[in-house]
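Notes to accompany the following structure.
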């Protein structure tokens, strides 16, 4: 399914918001409805010996895990994002967008995206391909997100049923009937 008007939705990702769970549950339900949902969700795993958590991205279609954080040592400060791993995830997502999808779910619009890199080209390609995008945005990147989408996105609560309602009314219904929940 492709659409004529960009369909973008974001969920605010705060420390107390279970946004990753919401994204994962949404992907699972949509896939059970037969929707071709593609993308990645973020998962945090406990680090060994008290180190910082390990961040991995899970492909919502096949469950593949990609580690995107680096172990910089126990006293390290700053960004632990592995640029090479993010580049690999981006290549994987480029292939997904080129192949088409009914919905693209992405884990974050963060620092890299606010600077014009990271997953931002994937979001742009999905918009151009008419693929709806659901993404999480942390508070500190809201101004960059707002500048990026220029009024084309909506905010959704971190609630799976609310996200599914948005899908049914904004994405599916204008193009085909979606199953009832």
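No value in this document is a laboratory result; all are computed from the given coordinates. Everything numeric here is computed off the predicted structure, so don't read it as measured data. Backbone-built Cβ (ideal geometry, glycine too); neighbour counts: all protein chains shown.
Values for this structure:
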read-out: Over region 8-172, equivalent-ellipsoid semi-axes from the Cα gyration tensor in Å; value: 25, 17, 16
read-out: Ranked 139, 62, criterion: other C-beta atoms within 10 Å, fewest first; value: 62, 139
read-out: Between region 109-155 and region 17-43, the Cα center-to-center distance that results, in Å; value: 18 Å
read-out: Estimated FRET transfer efficiency (residue 12, residue 43; beta-carbon r; R0 22 Å; 0.05); value: 0.70
read-out: Exposure proxy order (Cβ contacts within 10 Å, fewest to most) of 148, 109, 45; value: 45, 148, 109
read-out: Using a Förster distance of 25 Å, the FRET efficiency for residue 128-residue 67 (Cβ separation, nearest 0.05); value: 0.25
